[in-house]
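Written below as structure tokens is the structure these notes are about.
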Amino acid sequence: VYNAAPTWGVTVGDALGVPDPVVSQHQHQHQGQTFSFLGIRVSSPLSLVVNGKRPPGSALAPPCLALSNPSAPP
């Protein structure tokens, strides 16, 4: 689950409700093999319903800012 906190997740057997999913077909080729699968995206893990309940606010990963400057000397 994208943007989920590392300490939160779902387990096998959980009932998962996915409101307003965005389904997309992915096809990738690598070393002569084709891989095809469906991807399901939601706006946030907080929009899911797990076992009849919404996840707590702590289920959302905190924002992380990453900066890089390729022209800066090492």
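For the stretch 4-29, which residues satisfy the criterion of being under 15 Å from residue 56 (Cβ atoms) and polar (S, T, N, Q)?
7
Which residues, counting only those in the stretch 24-50, are within 14 Å of the chain's Cα centre (by Cα) and open to solvent by 90 Å² or more (accessible area, probe 1.4 Å)?
Answer for the stretch 24-50, where residues must be within 14 Å of the chain's Cα centre (by Cα) and open to solvent by 90 Å² or more (accessible area, probe 1.4 Å): 38, 40, 41, 43.
For the stretch 16-74, what are the residues that are assigned to a loop (DSSP other than H, G, I, E, B) and under 16 Å from residue 5 (Cα atoms)?
Filtering the stretch 16-74 for residues assigned to a loop (DSSP other than H, G, I, E, B) gives 18-21, 31-32, 42-44, 48, 51-52, 54-56, 61-74.
Within the stretch 16-74, 42, 43, 44, 48, 54, 55, 56, 61, 62, 63, 64, 65 qualify.
The values are calculated or read from the model by the stated rules, or taken from the named source; none is laboratory data. Keep in mind it's a predicted model, so treat the numbers as computed, not measured. No Cβ is skipped: glycine too gets one built from the backbone with ideal geometry, and neighbour counts run over all protein chains shown. Accessible surface areas use protein heavy atoms only, side chains included; no ligands, DNA or RNA. Shrake-Rupley method; radii C 1.70, N 1.55, O 1.52, S 1.80 Å.
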